[in-house]
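**Q** Structure in structure tokens, see below.
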Amino acid sequence: MTLALMAIFAVGAQAQKDDAGKPVFTVVKENPITSIKNQNRSGTCWDFSTLSYFEAEILKKSGKTYDLCEAFVANKTYMDRAVQVVRLHGDCQFAQGGSAYDVFYALKNYGICPEDAMPAAGSLYGDSLNNFTEFFSILEPYVASVSKSTAKKLSSQWKVGFQGILDAYLGQCPEKFTYEGKEYTPQSFAQSLGLDWDDYVSITSYTHHPFYTEFPVEVQDNWRNPGSWNLPMDEMMEVIDYAVMNGYTVAWGGDVSEEGFTRKGTAYWYNTQDRSLQGSDMAHWLKLSPAERRSQVDSLGCRVQELVPTQEQRQERFDNWQLTDDHGMLIYGIAKDQYGKEYYMVKNSWGETGDYKGIWYMTKAFIAANTMDYMVNKNAVPKKIRKKLGI
């Protein structure tokens, strides 16, 4: 064999080795979703992901495609949150984040408008997308100064001023608008979408409350304190599978701060801090920098060895602040890789980023370990579980 041929075979063998970890996905079930959006520099994943969820609900029910307005929901929600902080004299958090319930609450109580009924994201301050850096540098101290005021009586004018800031950066919420030749108010438009607000429930899984009861998950962005139904972890996952396979999507909230969540569009559940593996190759692994660990995981790809999530692990990580509530996304499908591992297909709100243009493939182990809670149509819950919950 000539040196040239040997070189060609060597390159081919190396390419085959390198590609062995690159997942090749086969779709098992994929439900219709609306287009990928970009929250850009704003902590509004809760807003984008949950409106995307309701857009998918409308698609399933009527076949109609809507682009609902995130700015409308943010405008209403930030005012409500500021009011609560002031009522509690600042003894709670005012922040950009929120929960799926905030979107649900806005739809039910304030209505909604289409995207083009308000100014385009970022346009009021000369940007092409949301950028809340300046916006919240004004909002946060404003709320703090009012809520911590030493005045014996507050003037109602603080709300007028606060609303002015919201409108200046997000746009005014319309009282009326025209959509497809018909005039609506936000409330009448929400009613026209054909959704039943009694259909939606939230699911979680922790042991510090009894299973099959409802409780508000104790995280700061769950500031309205809505209840979530508490299921054992296996049943929490069973609901997601059943929902997707029966044509429903899931508004997921959880932790993507783990190193197994990659910016390329995949998520695997491995624990870089597992001290039980000291004395093995893990001892070397733990000495690597986070960047070096990510590089090695990227090279392993779908061959990376995953942990088996447990109920006890979920509770321990929640109690010690490792399992955090930092992102909202939309689960809409199931796929498997060339080795048979199953993943959820998840729509993100970071624009068409990553290897899959805004879609993430997250293993079932990752979702089981890192779910904080999720919203789902109660008709997507298996009957035997609905019976246990009484819904």
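The values are calculated or read from the model by the stated rules, or taken from the named source; none is laboratory data. Worth saying up front: this structure is predicted, and the values here are computed from it rather than measured. So basically every Cβ, Gly included, is an ideal-geometry build from the backbone, and we count neighbours across all protein chains shown. Ligands, DNA and RNA are excluded from the accessible area calculation, which covers all protein heavy atoms including side chains. Shrake-Rupley method; radii C 1.70, N 1.55, O 1.52, S 1.80 Å.
**Q** Hey, among TYR270, TYR242, TYR169, TYR212, which residue is surrounded by fewer than 21 Cβ atoms within 10 Å (Cβ to Cβ), of a type in the set (Phe, Trp, Tyr) and part of a helix (DSSP H, G or I)?
**A** Values: TYR270 fails: part of a helix (DSSP H, G or I); TYR169 fails: surrounded by fewer than 21 Cβ atoms within 10 Å (Cβ to Cβ); TYR212 fails: part of a helix (DSSP H, G or I).
Exactly one residue qualifies, and that residue is TYR242.
**Q** Within the range 353-360, is even one residue open to solvent by 50 Å² or more (accessible area, probe 1.4 Å) and either at positive phi or touching a His at 6+ places or on another chain (Cβ under 8 Å) (or both)? If you could, list the steps in order and put the result at the bottom.
**A** Step one: of the range 353-360, the residues open to solvent by 50 Å² or more (accessible area, probe 1.4 Å) are 353, 355-357.
Now restrict to residues that are either at positive phi or touching a His at 6+ places or on another chain (Cβ under 8 Å) (or both): 357.
Yes, the conditions are met somewhere in the range 353-360.
**Q** Could you check the range 308-320 and list, in sequence order, the residues that are hydrophobic (A, V, I, L, M, F, W, C) and either over 23 Å from the mean Cα position of the chain (by Cα) or open to solvent by less than 50 Å² (accessible area, probe 1.4 Å) (or both)?
**A** If we filter the range 308-320 for residues that are hydrophobic (A, V, I, L, M, F, W, C), which is where we start, we get 308, 318.
Once the filter is applied, which keeps residues that are hydrophobic (A, V, I, L, M, F, W, C) and either over 23 Å from the mean Cα position of the chain (by Cα) or open to solvent by less than 50 Å² (accessible area, probe 1.4 Å) (or both), the range 308-320 yields only PHE318.
**Q** Go through the range 193-207 and give me each residue that's over 13 Å from PHE54 (Cβ atoms) and in contact with a strand residue (DSSP E or B) (Cβ under 8 Å, 6 or more places away or on another chain). Lay out the reasoning, then the answer.
**A** Taking the range 193-207 as the starting set, the residues that turn out to be over 13 Å from PHE54 (Cβ atoms) are 198, 201-207.
Scanning the range 193-207 gives VAL201, SER202, ILE203, THR204, SER205, TYR206.
**Q** While we're on this one: Of the residues ALA120, ALA151, which single one is under 25 Å from LEU330 (Cβ atoms) and free of Cβ contacts under 8 Å to residues at least 40 places away in the same chain? Walk me through how you get there before you give the answer.
**A** Working: ALA151 fails: under 25 Å from LEU330 (Cβ atoms).
Answer to the selection: ALA120.
**Q** Just to be sure before I move on: is GLY354 in contact with a strand residue (DSSP E or B) (Cβ under 8 Å, 6 or more places away or on another chain), of a type in the set (Gly, Ala, Ser), over 16 Å from VAL239 (Cα atoms) and not in a helix (DSSP H, G or I) in the structure I sent? Working first, answer last.
**A** On the way: in contact with a strand residue (DSSP E or B) (Cβ under 8 Å, 6 or more places away or on another chain): yes; of a type in the set (Gly, Ala, Ser): yes; over 16 Å from VAL239 (Cα atoms): yes; not in a helix (DSSP H, G or I): yes.
So GLY354 fits the description; yes.
**Q** Run down SER128, SER137 and say which single residue is assigned to a loop (DSSP other than H, G, I, E, B) and polar (S, T, N, Q). Can you show your working first?
**A** Numbers: SER137 fails: assigned to a loop (DSSP other than H, G, I, E, B).
Result of the check over SER128, SER137: SER128.
**Q** Would the range 133-143 turn up any residue that is among the acidic types (Asp, Glu), modelled with pLDDT of 95 or more and out of contact with any helix residue (DSSP H, G or I) (no Cβ under 9 Å at 6 or more places or on another chain)?
**A** We begin by selecting, within the range 133-143, every residue among the acidic types (Asp, Glu); these are 134, 140.
Next, only the ones that are modelled with pLDDT of 95 or more stay: 134, 140.
With out of contact with any helix residue (DSSP H, G or I) (no Cβ under 9 Å at 6 or more places or on another chain) added as a condition, the list becomes 140.
There is at least one residue in the range 133-143 that is among the acidic types (Asp, Glu), modelled with pLDDT of 95 or more and out of contact with any helix residue (DSSP H, G or I) (no Cβ under 9 Å at 6 or more places or on another chain).
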